[in-house]
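For reference, the structure is listed below as structure tokens.
The values are calculated or read from the model by the stated rules, or taken from the named source; none is laboratory data. Fair warning: this is a prediction, and the values are worked out from it, not measured in the lab. Heads up, the Cβs are rebuilt from the backbone with ideal geometry, glycines too, and the neighbour counts pull from every protein chain shown. The area values use the complete protein model at the heavy-atom level, side chains included, leaving out ligands, DNA and RNA. Shrake-Rupley method; radii C 1.70, N 1.55, O 1.52, S 1.80 Å.
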Amino acid sequence: MLRAQVFLWAYILIFFPASVVAQGLGVNWGVIASHPLDPKIVVNILKDNGIKKVKLFHAEHDILTALSGTDIEVMVGIPNHSLESLSEKYSVAQAWVKANITAYMGKKGVNFKYVAVGNEPFLAAYNGTYNNLTLPAMKNILKALNEAGVGKDIKVSTPLNGDVYITPTYKPSDGIFRHDLADIMNGICEFLHKNNAAFIVNIYPFLNLYQNPGFPEPYAFFDNDDSNSMDDHGVKYRSVLDANIDTLVAALKVSNFSDIPIIVGEVGWPTDGNIYATTKNAKKFYNGLLKRMTKNEGTPLRPKQYPDVYMFSLLDEDLKSIDPGMFERHWGIFSFDGQPKFPLDLSGKGQNKRLVGGKNVTYMEKQWCVYSKAASNQKDLAVKVAWACNNTDCTTLVPGASCSGMGIDMNASVAFNMYYQMANQTKAACDFEGLAKIVKRDPSNGTCRFPIMIKTIQTTSNSSAFAPKSSRSSTFSSSTSHSPFQTHSPSPSSSPFHSPLLIFQIFVGIFTIWFV
């Protein structure tokens, strides 16, 4: 009997995952961070939480190596700056596939499922730069995959922003592709249809709320009553996400491609940097989303199955561009060190489970850099804090964020500590001409947390020719839609710190007010 029980528990441990997740759920893994987490630790986070799908913004050797030998399905991206060379020279596509796909395949290789060519390449803000490059690049990548004998197993698509379609009447059922993209979208859809690939779209309900004054807040979430719904010829839409998906479904139908599957490539909710960006709202959004996925009832125009969804994102990234907003560095369901921010039941059953965090994370010494009241040159404080914020991450200080409104001492300490930590706790980084000092007691207070950086490893990119500097584009798309629920994703940056003059002015202004 005892042997039978031991066998039963062994069977459970081997054949059942540590956590069950909603069918079709995946996550985006970005690496625009000053202290990226060891990829092996990140892969264990995925496995411990039962996450079977991951989307990467580019092929990076250490990450692909860590994913090798797992059953995690991988969608690997190619950045926009590679589209020109990929579209013009088939040899470049061959080289990319050889370096980033076939090199990692085999019995214990990477479980590639998709190559995502470009990222939101048709944003209006790009002024058509990639319009005529994306499809040729997709065709060359597919040709190279076919030549390598893996084209049937690895699909090719391109993640597009929700601004590629509009609805003139505000109703999802009247969705069409943007007029200036009609021919291009027809070609993209024909390619996807012919090769049994999905249409990948990035949708951000948070941005509807952030960008549009007067947008009904409940409509950005789920399970609303009729007072916060949209009526489309008798059909009630109670979430902007569902309405957005069906606008795309309608556009596909108008273009005679009704059967193309849809993948939501990015959707999520940030937890800091804005009044709406809170852990409470993020938890509410994800719980609603996961419940919708688990019910698997689809949307009104596609009622049988909800699309696969990749949450954005897995981890916070402290070097992302803040051009779209101060929230950009806080999209993770885990903090930068792989620790969960809030309870979340990925199965969609609402059991308020705690996610499994990163294990064996090595931190720097438990010490912090804070503002020194005893310093004699207090008149320079505003300038020093503004300088620190231009060279570190002060997004928690803006109005509505987790460290806002706590007074000059706390805010100066936040700025000084972030600079000190991102500089690997170098003693010289906690000086600011005597305005700062190192302490051993954690100065965190309430919602305002003072992080300690992790010790990190040097990652190696597989190919410098294809190594991007960011995961999303550095421009912020302007609205071209006639619909109140079309979303426009913020985009990646190729440099860690953007708009330094603007940040400088913001923080000088804050500190000037405090000193008056």
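Working note: Cα atoms of segment 368-439, range along each principal axis, descending, whole Å: 30, 27, 21.
Between rounded, prolate and oblate, where does segment 306-358 land on the alpha carbon gyration tensor, with a ≥ b ≥ c its root eigenvalues, rounded for a/c under 1.5, else prolate if a/b exceeds b/c? Don't skip to the answer; put the middle values down first.
Values: a/c = 2.67, a/b = 1.54, b/c = 1.74.
Verdict is oblate for segment 306-358.
Rounded to the nearest 20 debye, the dipole size of segment 368-439 about its Cα centre is 120 debye, using +1 on the Cβ of Lys and Arg and -1 on the Cβ of Asp and Glu. Across all directions, the average projected area of the convex hull around the alpha carbons of segment 25-334 is 15.6 nm². In segment 255-371, the C-alpha radius of gyration followed by the widest Cα-Cα span (Dmax) gives 17.3, 63 angstrom.
Exposure check, 1.4 Å probe, all protein chains in place: Glu190 carries approximately 100 Å² of accessible surface. The simple spin-label model puts a point 7 Å past each Cα toward its Cβ; for Thr65 and Asp442 those points are separated by 3.4 nm. Of all DSSP-defined beta bridges confined to segment 25-334, some 20% are antiparallel rather than parallel. The apolar share of the surface of segment 25-334, taken as the fraction of accessible area on carbon and sulfur atoms (1.4 Å probe, ligands and nucleic acids excluded), comes to 49 percent. Both radii come from the Cα set of segment 193-249: Rg as radius of gyration, Rh as Kirkwood radius; their ratio Rg/Rh reads 1.07. When the pairs Lys283/Lys304; Lys55/Lys253; Lys366/Lys427; Lys113/Lys253; Lys283/Lys366; Lys40/Lys280 are compared against a 19 Å limit on Cα-Cα distance, Lys283/Lys304; Lys55/Lys253; Lys113/Lys253; Lys283/Lys366; Lys40/Lys280 fall above it.
Between Lys89 and Thr362, the modelled label-to-label distance comes to 4.0 nm, taking each label 7 Å out from Cα in the direction of the beta carbon. Using a simple spin-label model with pseudo-atoms 7 Å out from Cα toward Cβ, Lys40 and Asn212 lie 4.8 nm apart. Suppose R0 equals 51 Å; then what is the FRET efficiency for Asp223 and Gln378 from their Cβ-Cβ distance, rounded to the nearest 0.05? Efficiency, rounded to the nearest 0.05: 0.50. Please give the Cα centre distance for segment 306-326 versus segment 194-219, rounded to the nearest Å. Segment 306-326 and segment 194-219 have Cα centres spaced 13 Å from each other.
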